Amino acid sequence: MRLLALLFLLPLAGCPKDGKVQTGGDNFAFPEYADLECAEGLRHGGAPPPVGTEIFCVREAVGSPQRHGTAIRYYPTGEIAARGTYAGDRQVGEWTVWYRDGSLKRKESWVNGVQDGLWAEFHPGGTRRAQGPMLDGVRSSLWTFYDEDGNRYLEGQYLAGQENDIWREFAPDGTAVRERLYRQGRLLRQSEL
């Protein structure tokens with residue numbers, strides 16, 4: 001009977017779609033918990049696949065438990081998808097995201113649950129794909145984009161998540177070949193160089 005109750009509770013151990021933290025309690029553990037070091041006063045929560053998609057440290061808070069500390073997210077097939085930190089149930093600091101094959105996909109910066117700070121994205125082969133700052137959850141300031149060979153092919157400014165000011169396209173040898181002028185996401189002019 002106890003086994004049946006445990007099997008019923010296991011699906012609740014994952015990261016639910018409503019964003020509320022639910023854990024299966026301290027009555028069971030997953031081997032993956034060994035990869036997750038929780039600070040004193042915190043306990044393990046969540047579940048890896050096939051039961052859940054994320055394991056994390058849990059802090060008991062007034063009203064309900066919260067993700068707090070290190071977290072590991074998984075693809076449904078079990079490969080690690082991301083690793084980062086929560087504070088009060090919100091993403092904070094640097095998060096690292098991987099492709100299923102384990103190669104680096106993205107380095108993200110978070111402040112109080114909002115994308116904020118330098119982001120770097122990578123092609124599946126490992127070369128840099130894009131780099132620039134996020135501000136309040138949208139692309140901001142200068143962003144540079146690279147092809148799979150690592151050559152810069154596009155560079156320009158974002159303002160509140162929209163293309164703004166001059167954007168330049170580059171040939172593989174680094175020569176500027178085209179220029180576009182934007183104002184708040186609207187293309188005003190384009191010229192070949």
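The values are calculated or read from the model by the stated rules, or taken from the named source; none is laboratory data. Just so it is clear, the model here is predicted, and its values are computed rather than measured. FYI the Cβ positions are ideal-geometry reconstructions off the backbone, even for glycines, and counts take in every protein chain you see. With ligands, DNA and RNA removed, areas are computed over all heavy atoms of the protein, side chains included. Shrake-Rupley method; radii C 1.70, N 1.55, O 1.52, S 1.80 Å.
Which members of region 34-53 meet the condition of being on the phi > 0 side of the Ramachandran plot and open to solvent by 60 Å² or more (accessible area, probe 1.4 Å)? Full working, then the answer.
Of region 34-53, the ones on the phi > 0 side of the Ramachandran plot are 41, 46.
Matches in region 34-53: GLY41 only.
With respect to GLY69, is the statement that it is under 19 Å from TRP95 (Cα atoms), in a strand (DSSP E or B) and either among the hydrophobic types (A, V, I, L, M, F, W, C) or open to solvent by less than 10 Å² (accessible area, probe 1.4 Å) (or both) true?
Against the criterion (under 19 Å from TRP95 (Cα atoms), in a strand (DSSP E or B) and either among the hydrophobic types (A, V, I, L, M, F, W, C) or open to solvent by less than 10 Å² (accessible area, probe 1.4 Å) (or both)), GLY69 does not qualify.
Does region 75-92 contain any residue that is buried (at least 17 other Cβ atoms within 10 Å of the Cβ) and of a type in the set (Lys, Arg)?
No: zero hits.
Being surrounded by 13 or more Cβ atoms within 10 Å (Cβ to Cβ) and of a type in the set (Ser, Thr, Tyr): is that true of SER103 here?
Values: surrounded by 13 or more Cβ atoms within 10 Å (Cβ to Cβ): no; of a type in the set (Ser, Thr, Tyr): yes.
For SER103, the condition - surrounded by 13 or more Cβ atoms within 10 Å (Cβ to Cβ) and of a type in the set (Ser, Thr, Tyr) - is not met.
Can you find a residue that is part of a strand (DSSP E or B), farther than 22 Å from SER140 by Cα and open to solvent by 70 Å² or more (accessible area, probe 1.4 Å) anywhere in region 182-193? Working first, answer last.
Residues of region 182-193 that are part of a strand (DSSP E or B), as a first pass: 182-183, 186-192.
From the residues that got through so far, the ones that are farther than 22 Å from SER140 by Cα too are 191-192.
Now narrow it down to the ones that are open to solvent by 70 Å² or more (accessible area, probe 1.4 Å): 192.
There is at least one residue in region 182-193 that is part of a strand (DSSP E or B), farther than 22 Å from SER140 by Cα and open to solvent by 70 Å² or more (accessible area, probe 1.4 Å).
Can you tell me which of ALA120, ALA130 is open to solvent by less than 40 Å² (accessible area, probe 1.4 Å) and in contact with a Ser or Thr (Cβ under 8 Å, 6 or more places away or on another chain)?
Details: ALA120 fails: in contact with a Ser or Thr (Cβ under 8 Å, 6 or more places away or on another chain).
Going through ALA120, ALA130 in turn, just one is open to solvent by less than 40 Å² (accessible area, probe 1.4 Å) and in contact with a Ser or Thr (Cβ under 8 Å, 6 or more places away or on another chain): ALA130.
Given the conditions (1) modelled with pLDDT of 90 or more; (2) of a type in the set (A, V, I, L, M, F, W, C); (3) open to solvent by less than 60 Å² (accessible area, probe 1.4 Å), which single one is not true for LEU10?
(1)
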